[in-house]
Amino acid sequence: MQAAINQAKHQWIITTDADCIVPVYWLDSFDNFIQSQSLKMIAGPVSYSQGNGILNTFETLDFLSLIGATIGAFGINKPFLCNGANLAYQKQFFQQLNGFEGNSNIASGDDIFLMEKALKKDSNSIKYLKSKQATVITKPQNNLKNLISQRVRWASKTSNYNNTFAKIVGLLVLITNVSLVIGFVLVTLGLFALKPFAYLFFIKVAIDFILIYKACQLFNKEELLKHYLWSCFIYPFFSVYIAFISMFTTYKWKNRTFKK
């Protein structure tokens, strides 16, 4: 990426991944956004292609929650997530930030670390392009092993975040899910009352539903909402497992093994 950016002849860089499908009016959407506002960096939406099966459904709902959190954070002017599969920035601005310098030793995460530096430099010139015409489509992982490996990779880089708000949100999500897992075990063993546990679970499910519902609306994936409830029973165990093993294990990415 650095070599390509050095060779680029124009003012703006836009990035995507090799396995992504870009829409017909992708560049037009970004160009219109750039022309209408004074911007230096733009984060764009990414969605999963339609698949079949329980794994794909669960994975897509999980990804939609991340996209919803991304859009919501931009909405309250506290962005902390973006995706290099759909990201644009001024070449000059990239050079002012010294590009990927400072995080080149970390596998992936170049998009988020670059945005963190950009936010410190000029937070008012970084926006999210919430547009269906700008949405890039990527493929979900095709098996549980690959899904776990991907999510462990994502979780492993969070310790390197410099964004305080991101750390607070991540910690809150982790504490909530750990509480649900521990609560479930205690209720099963008869060591904790069912009623307060049910209240906690219902509150989390209701709050998460609002976020995921809005994301499903944006990407025309409302049919996935019928699978929402059962996924809520699995997600706390999945997320706690990912968080736990990411602290101690290596992970594979593009056929290479990395240590945390």
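Some points to look at:
- Three-way shape label, region 146-245, alpha-carbon gyration tensor, a/c 1.5: oblate
- Expressed in units of 2.2 N^0.38 Å, where N is the residue count, the Cα radius of gyration of the chain is 1.05.
- Basic side chains Lys and Arg get +1 at the Cβ, acidic Asp and Glu get -1 at the Cβ, and with that the dipole of region 151-260 about its Cα centre reaches some 620 debye.
- Candidate cross-link partners of K40 among the aspartates and glutamates, defined by an alpha-carbon separation under 18 Å and a same-chain spacing of 8 or more, comprise D28, D31, D110, D111, E116, D122.
- Farthest towards the positive end of the charge dipole of region 129-225, among the residues A198, V178, T135, is the Cα of T135, using unit charges on the Cβ of Lys, Arg, Asp and Glu.
- Look at the Cα gyration tensor of region 109-155: its axes a ≥ b ≥ c give a/c of at least 1.5 with a/b at or below b/c, and that counts as oblate.
- Electrostatic dipole magnitude of region 78-172 [Cβ: Lys, Arg +1; Asp, Glu -1; Cα centre; debye, to 20]: 300
- Lys, Arg +1 and Asp, Glu -1 on Cβ, resulting dipole of the chain about Cα centre, debye, nearest 20: 460
- Residue-normalised convex hull volume from the C-alpha trace of region 1-96: 126 Å³ per residue.
- Largest first, the extents of the alpha carbon coordinates of region 87-225 on the three principal axes equal 61, 34, 34 Å.
- Spin-label pair K167/I54, simplified geometry with 7 Å Cα→Cβ offset, distance in nm: 3.8
- Electrostatic tally near Q95: other residues with Cβ closer than 13 Å to its Cβ, Lys and Arg +1, Asp and Glu -1, net +3.
Laboratory data are not the source of any read-out in this text; all were calculated from the coordinates shown. Predicted model, so just to flag it, every value in this text is computed and none were measured. In this analysis, Cβ positions are derived from the backbone assuming ideal geometry, glycine residues included, and neighbour counts consider all displayed protein chains.
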